[in-house]
Each structure stands twice: as structure tokens, then as C-alpha cells.
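Everything below concerns the one structure shown next.
Values quoted throughout were computed directly from the atomic coordinates according to the rules given, and no laboratory measurement underlies them. Note that this is a predicted model, so its numbers are computed, not measured. Every residue, glycine among them, receives a Cβ derived from its backbone with ideal geometry; neighbour counts consider all protein chains shown.
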Amino acid sequence: MSTITLTPPVYSPSSDSPKYSREPYDGELRLDFVAKRGRTRPVASGSSHDGIHTNHGKGVTTILYCQDYSQDNLPCFSQRGVVSGEVHLQRENIYSVRVKLVGHQSVAFPPGGSVNRSMFSRSQTLWKKSTTSNEDTTTRSSVLPFTISFPSHFTDYSGVDRELPPSFSSTSEDWSSFRHAECSYSLIIEVTSIWKLTSWTSARSLTIPLSYRPSKCPVLGYPSSFDSTIKSSPGEWSQFTTKIISSDGSLSAIDCDFFIPSVRTFGIRDVIPFHMELRSTPSTLQSISYGQGQTKRPSSPSLKTTQLSVQLCILRQTNVQPEKGEKTWEDRVIGFSRLTSVCGEPEDGTLIFDGEMECDENVEQGGFNSGMIHVKDFIALDVSQITASQLGPLCQDTPSRSLTQFPIRLVAESFTEGRGASFRSFYDTLQVIHYMHMVAD
């Protein structure tokens with residue numbers, strides 16, 4: 001049998017690794033950005049500038065190290081945030097010291113029912129007196145450091161693994177759904193003392209409310225102007241079509257097209273541009289006004305036509321479902337829009353509105369789903385109508401109102417780099433590179 005001898009290949013020295021830099025070199029192109037989380041949290045008035053938050057209790061003082069504060073002046077932490085600090089003890093006869101980090105969600109229903117559920121509980125024993133020796137309590141340090149972290153997920157009542165929701169509190173304006181819904185977090189310091197000459201113990205606790213605010217941000221940016229980008233990058237915009245019909249049939253139907261950025265994920269401090277076109281008969285368009293809230297009742301008895309008020313707003317829907325099959329919800333407007341330009345004439349059968357919308361300043365968290373509480377956000381077309389029969393000065397009927405909702409997602413942070421970069425520009429760049437290679441070949 002012949003033997004085959006295999007000679008290993010000759011390995012030449014490998015080439016140098018490419019040079020990497022934040023900015024492209026000559027001949028290189030930037031295809032797209034990945035979002036960078038921006039820090040937009042305000043530092044509350046009265047908070048410590050050195051990042052120290054102090055809480056006092058009877059015989060115990062807790063110092064937390066934190067850099068962010070919520071609008072309620074609570075220490076604020078992000079996902080998997082580490083809560084660290086020190087427990088200072090001013091009393092003797094201590095048996096044990098424990099720190100707990102807990103999260104709860106609760107819903108209150110009219111007239112007096114409520115459901116409370118624990119999302120998680122993490123504890124850490126900082127010190128405990130030995131029961132097997134004659135250890136003197138004076139050997140215990142008066143300052144006990146601790147470090148404990150938030151989990152990233154929890155298991156809800158139905159066994160589903162979910163992301164930990166942000167701190168949230170909502171009181172319903174309409175008690176027909178629910179009275180209050182809340183997701184809350186606390187740090188609890190438990191100090192157990194032992195009575196002298198006895199084995200009796202007594203426990204005291206210090207509860208410190210915390211704010212949890214996950215730092216989520218949009219993956220892509222969005223254009224700031226409709227007219228400057230719709231022709232060059234139509235993929236930057238999503239179009240929605242609906243029809244507005246008066247409740248009494250006195251007006252012709254209005255065809256409505258409006259556009260918002262196609263990313264449909266925005267930070268709670270973003271200014272969202274929009275473009276809206278209304279098409280109908282001249283007499284119908286003359287009855288339209290763009291404004292916040294419902295149409296005001298005209299005082300002139302000579303008006304004989306239905307009046308319409310059209311407004312785009314940001315709508316938040318809070319859904320509550322403590323048990324399977326039981327679900328209630330409430331809609332609340334959390335942001336209005338304002339116009340930047342109006343084009344077209346009713347006589348031409350078209351009205352064109354350009355504007356922008358943003359959330360109210362008191363909105364501090366985006367949407368989430370914790371199982372029992374589900375917060376969803378929409379851009380809503382709000383149409384208020386006063387019919388011809390309601391135009392009399394003595395009529396007290398409430399103007400009718402209709403909402404057409406289109407889902408969006410609100411997150412805590414804003415896109416901070418490469419604003420306007422999108423998949424559309426990404427594919428356009430790939431086409432340019434492909435064309436350059438064809439020309440080179």
C-alpha cells in the first residue's frame with residue numbers, strides 16, 4: 001500500500017487589521033448610526049449635587065449614592081441599576097440589619113376594591129448577631145455598606161416573563177374603569193433589636209421610595225420636515241387615510257390623509273412633525289377649524305351649518321387586567337399639536353396642515369406591559385362636531401366627538417445621533433455602492 005504524504009500549506013504573515021475610527025476615512029461611507037442613549041433626566045431642585053440622598057429614621061440613617069432624580073425628587077435608577085449606600089446605626093442592642101429592594105404593582109377599583117401584586121423582592125442581610133457565641137454587640141460596626149441591584153425581568157401572575165416596568169402612577173378621571181393604577185419600587189431597611197436581659201425582639205423599618213426609569217431610546221431618527229424629504233425619501237413617512245363624516249349628514253364626507261415619521265417610535269421629549277391633507281367640497285371645508293379641544297359653541301343664531309374642529313393629539317390608553325378575562329381601560333390625552341403652516345383654500349377643495357406635537361411636561365415614562373397594567377400610546381385624530389340643531393344659543397347639548405387612533409411607541413430617551421438616518425437612506429447608500437462597483441468593473 002502506498003503512503004501519501006501531505007505537506008501543510010505555507011502560511012504567510014497575516015495582513016494588518018484595518019484601522020478603526022469614529023469618523024470614516026477617505027473612500028469610506030457611513031451607512032447608518034446606532035442610537036446612543038442620551039441623558040435627559042432633570043435633576044430635581046433640592047437634591048444633593050454630590051449624588052448623596054439621605055433618609056432619617058428612628059435610630060437609623062440611610063445614605064444612598066445616586067446621580068439621577070425623578071420629577072418627584074426620588075432617587076432614580078435605570079434597568080439593572082445598582083442601589084448602593086450605607087446604613088448608619090445610632091442605637092445599641094441590635095440583633096440584625098437587613099436591606100430589601102421590592103417592586104409592586106397595584107390597582108384600585110370603585111367603590112373600594114383593590115389588587116396588589118409583588119413583582120420581585122431582593123434582600124441582603126448586612127449584619128446578624130451570632131446565636132452560638134457570646135459575641136458582644138459592640139463588635140458591630142455603626143456603618144454598614146450595602147449594594148443591591150434591580151432585576152431586568154419578573155414573572156407576572158400568569159407565568160409570563162416580562163421586562164420590569166417603569167415607575168408609574170395614574171389616577172382615573174372616570175371611576176367607571178378603575179380608580180388608580182401604580183407600579184412602585186422601594187428600598188426597605190429593617191432593623192431588629194433585642195431587649196436587654198430577655199430574648200424578646202422588636203423590628204423597625206425605614207422605607208425609601210425609589211423611581212425606576214429604563215433607558216430605552218429609538219433605534220432610528222426621523223425627518224423634521226415633510227416638504228423637504230417626502231420627494232427625496234418617501235420611505236421616511238407613513239401615510240394614514242381615514243374619512244370624516246358629520247353625525248347629522250349635513251356635510252359632505254371629508255377625505256383625510258395624514259403623515260407621520262415611519263419610525264413610529266419616539267422619545268417622550270421629542271417634537272413629532274406631521275402633515276395632514278383634507279379634501280372635500282368648498283362648503284364643507286369652510287366649516288372646519290383646527291384647534292385644541294372641542295369646538296366652541298357660536299353665539300350667532302344665524303349660523304345654520306355644522307361646525308367641525310379637527311385636532312391631532314397624543315393619546316395614552318391605560319389598560320388594567322388583574323385577572324384573566326377582566327379588563328378595563330381609560331383614554332387620556334397627554335399631548336396636543338400646534339400648526340406651523342396652513343396651505344390651500346376651501347374653494348379649491350383642499351386644506352393642508354403642517355405642524356408638530358409633543359407630550360406634556362409631566363409625562364415621565366413611555367409605554368409598557370406588566371401583565372396587570374398595559375400602557376399603550378397613539379396618535380389620535382380628534383374631531384369635535386356641533387350639528388345645525390345644536391347651534392341655537394339656548395341649546396345645552398354637548399358637541400359630539402370622535403377619535404381615530406393610530407398606534408405609536410413612546411420611550412424614555414430620545415435618539416441623539418444621526419437624526420434622520422433610516423433604513424431608506426441605508427438602502428439608498430447600498431445602491432450607490434453597488435453602482436460604483438459596476439462602474440469600476
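Just a few scattered comments:
- Residue by residue, the stretch 82-93 carries 3J(HN,Hα) couplings of 9, 9, 10, x, 9, 10, 9, 9, 10, 9, 9, 6 Hz when phi is fed to the Karplus relation 6.51 cos²θ - 1.76 cosθ + 1.60 (θ = phi - 60°); x denotes Gly or Pro.
- Taking amide H atoms as placed 1.01 Å from N in the peptide plane, the amide H of residue 120 lies under 5 Å from those of 103, each 5 or more residues away in sequence or on another chain.
- Lys, Arg +1 and Asp, Glu -1 on Cβ, resulting dipole of the stretch 52-212 about Cα centre, debye, nearest 20: 620
- Along the stretch 103-109 the Karplus relation, 6.51 cos²θ - 1.76 cosθ + 1.60 evaluated at θ = phi - 60°, assigns HN-Hα couplings of x, 10, 10, 9, 9, 10, 10 Hz to successive residues, with x for each Gly and Pro.
- Farthest toward positive dipole pole in the stretch 52-212 [+1 Lys/Arg, -1 Asp/Glu at C-beta], among 115, 127, 54: 127
- Peptides ranked, highest mean first, by Cβ atoms within 10 Å: ranges 344-356, 70-82: 70-82, 344-356
- Cβ-Cβ FRET estimate between residue 369 and residue 15, R0 fixed at 51 Å, reported to 0.05: 0.55
- Extension gain from residue 245 to residue 342, taking 0.36 nm per residue of separation minus the Cα-Cα distance: 32.7 nm
- Each residue in 115, 60 was given a count of other beta-carbon atoms within 10 angstrom of its own, and listing them fewest first yields 115, 60.
- Based on alpha-carbon atoms, the Kirkwood radius and the radius of gyration of the stretch 52-212 give Rg/Rh equal to 1.05.
- At an R0 of 51 angstrom, the distance between the Cβ atoms of residue 104 and residue 6 translates into a FRET efficiency of 0.15.
- Between residue 327 and residue 88, the modelled labels are 5.1 nm apart [label points 7 Å from Cα along Cα→Cβ].
- The packing ranking, built from the mean of other Cβ atoms within 10 Å per residue, places the peptides 253-261, 308-316 in the order 308-316, 253-261, highest first.
- Signed unit charges on C-beta, dipole axis of the stretch 52-212, positive-most listed residue 168, 105, 89: 89
- Inter-label distance for residue 230 and residue 96, nm, one decimal - labels placed 7 Å from Cα along Cα-to-Cβ: 6.8
- ³J(HN,Hα) computed for each position of the stretch 54-67 - Karplus, 6.51 cos²θ - 1.76 cosθ + 1.60, integer Hz, glycine/proline x: 10, 10, 10, x, 6, x, 8, 10, 10, 10, 10, 9, 8, 10
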